[in-house]
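The values are calculated or read from the model by the stated rules, or taken from the named source; none is laboratory data. What you see is a predicted model; the values in this text were computed from it and never measured. A quick note on method: Cβ atoms are made from the backbone with ideal geometry, for glycine too, and the neighbour counts reach across all protein chains shown.
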Amino acid sequence: MKKIKIKNNDKGFAIGKIVCVGRNYAEHAKELGNKIPDKPVLFLKPPSSIIYSGDNIIYPDFSNEMHHEVELVLLIGKDVSKANLKEAENAIIGYGVGLDMTLRDIQSEAKKKGHPWTISKCFDTSAVVSDFVLKENCTLTLDEEISLSINGIIKQKDQLNKMIFNPAQIVEYISSLMMLEEGDLIFTGTPKGVSKVNRGDKLKADLTGIAKLECSIT
């Protein structure tokens, strides 16, 4: 069973489900030709897709177009269902930065056929996470900057306040549909600037003052 690592803390959380939010930055929705949603767009990743900073992302041999998506990741610290905004905020126990790796060619083809695009999101090593910082040890203002560089060149860089739905709103909405449990992770969406990665690329993600991660593509 994979666990979340907490920075400067021996406490660990067994990872439950991974709920991801799509199209949560208007400019990203536009760059992919999607409409701006009026409620969070959700999909899931399995815990088996998780790897950690320092690990390698393995490029699947059935795809020719894998994209990076850097995201704020929320750690849920207690079970919550049908939460109001205050309860939703209180259910978030920590923050990290993550990469939602996406097989864009597989996703686009599935969308054209009206099929689910699970395969494009759930392959092994498709979810990279940093160590997490407990909320009690940091304050998230949403003025923080999130960024992703490839081989030293910045590809994504934006402030968290550009999110359409903020963390508490996301948790409130998800909990209205399904119970969130201790150890669940929520990937909150990616800003504009997604692009193709190649074998040998070195990726670095940063959430200002909170978390960092590094990984390579093999």
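Observations on the model:
- Residue check, residue 108 part of a helix (DSSP H, G or I), hydroxyl-bearing (Ser, Thr, Tyr) and more than 18 Å from the chain's Cα centre (by Cα): yes
- Criterion: more than 26 Å from residue 106 (Cα to Cα), more than 17 Å from the chain's Cα centre (by Cα), touching a residue at least 12 places away in the same chain (Cβ under 8 Å) and surrounded by 14 or more Cβ atoms within 10 Å (Cβ to Cβ) - qualifying residue of 7, 3: 7
- Odd one out for residue 141 among (1) surrounded by fewer than 19 Cβ atoms within 10 Å (Cβ to Cβ); (2) in a strand (DSSP E or B): (2)
- Subset tally (residues that are touching a Gly at 6+ places or on another chain (Cβ under 9 Å), assigned to a loop (DSSP other than H, G, I, E, B) and exposed (fewer than 15 other Cβ atoms within 10 Å of the Cβ)) for the stretch 185-218: 1
- Test: residue in the stretch 32-43 that is over 17 Å from the mean Cα position of the chain (by Cα) and of a type in the set (Phe, Trp, Tyr): no
- For the stretch 50-65, the set of residues classified as touching a helix residue (DSSP H, G or I) at 6+ places or on another chain (Cβ under 7 Å) and either buried (at least 16 other Cβ atoms within 10 Å of the Cβ) or not in a loop (DSSP other than H, G, I, E, B) (or both) consists of 63 only.
- Residue list for the stretch 33-49, filter: out of contact with any helix residue (DSSP H, G or I) (no Cβ under 8 Å at 6 or more places or on another chain) and free of Cβ contacts under 8 Å to residues at least 60 places away in the same chain: 33, 34, 38, 41, 47
- Some residue of the stretch 141-149 being touching a helix residue (DSSP H, G or I) at 6+ places or on another chain (Cβ under 7 Å), without any contact (Cβ under 8 Å) to a residue 40 or more places away in the chain and not charged (D, E, K, R): yes
- Any hit, the stretch 75-94, residues being in a helix (DSSP H, G or I), modelled with pLDDT of 95 or more and touching an Asp or Glu at 6+ places or on another chain (Cβ under 6 Å): yes
Let's see how each residue does on (1) within 16 Å of residue 212 (Cα to Cα); (2) free of Cβ contacts under 8 Å to residues at least 60 places away in the same chain:
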{"position": "102", "(1), (2)": "no, no"}
{"position": "109", "(1), (2)": "no, yes"}
{"position": "113", "(1), (2)": "no, yes"}
{"position": "130", "(1), (2)": "yes, no"}
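- Screening the stretch 150-159 for residues that are in contact (Cβ under 8 Å) with a residue 12 or more places away in the chain, in a strand (DSSP E or B) and not charged (D, E, K, R) and picking the one that is farthest from residue 197 (Cα to Cα) gives 159.
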